[in-house]
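J.: Below you will find the structure I want to go over with you.
The values are calculated or read from the model by the stated rules, or taken from the named source; none is laboratory data. All values reported here derive from a predicted model rather than from experimental measurement. Note that each Cβ is placed from the backbone with ideal geometry, even for glycine, and that neighbours are counted across all protein chains shown. For the accessible areas, the whole protein counts, side chains as well, though only heavy atoms, and no ligand, DNA or RNA atoms are used. Shrake-Rupley method; radii C 1.70, N 1.55, O 1.52, S 1.80 Å.
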Amino acid sequence: MTERLEYSQPGDHIEGLHPLSVSRYRLIMRINHWVTAASMLILVVSGLALFTPELYWLSALFGGGQTMRWLHPIIGCVLLVSFFVMFVQLWKLNLPRREDLQWMARIGDLLKGDEDKLPELGKYNAGQKFIFWGMAAMILVMFATGIMIWQQFFPDLVVIPTRRWALLLHSLGAVGVILLFILHVYAAIWTRGTIRAMTHGSVTGGWAYKHHRKWLKELARRDKPKPEE
């Protein structure tokens, strides 16, 4: 009987034992992640150019204002699809658990580097889950309001007062996305060994044991050779 997975995905597995190496993200997931990240960066830069005349010079990176104005909503659709693919694969692993409350209660120990005092975690900690669900919410807001202000294809979708409110919410959502994006990048750099997961697909056994012990233990049980019947 196949073991029910609580903290890992089917593609996660222990790659080698000497030294211990653990596969965290398959190639398709890594490509999906970088497409999402690239789309986000393009949207942030082009959005800033559209937001204020002081930053309009950024439009030169896209071949001018007209090209950028056409490209921005198209890339927004790419981001929605890319993130949706990621969401379908990861939402269950990002559901809140009891240990997440314990992790947040000991956030001070994390910042001081005393991670031995933190609870054992699955594939994601509470901070990563916060970013995941925050991004999901902000992307939905950005897409819905973006459709309302996309006059090239939906000129009569909403009345002008509604479009103005949509533009305000779109701008506020953009601020939220930028803050979450900065937090995500900072956390990845601050926690050594994390970026390797999205570049090489694997992490060291020591990294997995230190940061996501329940995830590692589940993989060890699942990959343990079964006795022949």
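J.: Return the residue satisfying two criteria in turn: it lies in the range 51-104 and is among the charged types (D, E, K, R) and closer than 30 Å to L5 by Cβ, and of such residues it is nearest to the chain's Cα centre (by Cα).
T.: So, considering only residues that are among the charged types (D, E, K, R) and closer than 30 Å to L5 by Cβ, the one nearest to the chain's Cα centre (by Cα) is K92.
J.: Is there a residue in the range 6-13 that is modelled with pLDDT under 90 and open to solvent by 70 Å² or more (accessible area, probe 1.4 Å)?
T.: Checked the range 6-13: at least one residue is modelled with pLDDT under 90 and open to solvent by 70 Å² or more (accessible area, probe 1.4 Å).
J.: For the range 50-148, give me every one of the helices (runs of 4 or more DSSP H) that falls completely inside it and has 3 or more residues that are at pLDDT 95 or above and open to solvent by less than 40 Å² (accessible area, probe 1.4 Å).
T.: Result: 65-90.
J.: Scan the range 105-134 and report the pairs whose first residue is farther than 27 Å from L5 by Cβ and whose second residue is open to solvent by 30 Å² or more (accessible area, probe 1.4 Å) and not in a loop (DSSP other than H, G, I, E, B), with Cβ atoms within less than 9 Å and a gap of 6+ or a chain change.
T.: D109/E115; D109/D116; D109/K117; D114/G108
J.: Show the residue pairs that are 6+ apart or on different chains and have beta-carbon atoms under 9 Å apart, the first residue being within the range 172-198 and touching a residue at least 24 places away in the same chain (Cβ under 8 Å), the second being open to solvent by 30 Å² or more (accessible area, probe 1.4 Å) and of a type in the set (F, W, Y).
T.: A174/F51; L180/F130; L183/F130; M198/W34
J.: Could you tell me how many of the residues in the range 14-49 are under 28 Å from F143 (Cα atoms), open to solvent by less than 90 Å² (accessible area, probe 1.4 Å) and β-branched (V, I, T)?
T.: 6
J.: So which pairs qualify, if the first residue must be in the range 199-215 and closer than 21 Å to N94 by Cα and part of a helix (DSSP H, G or I), the second must be modelled with pLDDT of 95 or more and open to solvent by 50 Å² or more (accessible area, probe 1.4 Å), the Cβ gap must be under 6 Å, and the two must be at least 6 apart or on different chains?
T.: Listed by first residue and then by second, the contacts come to nothing, as the list is empty.
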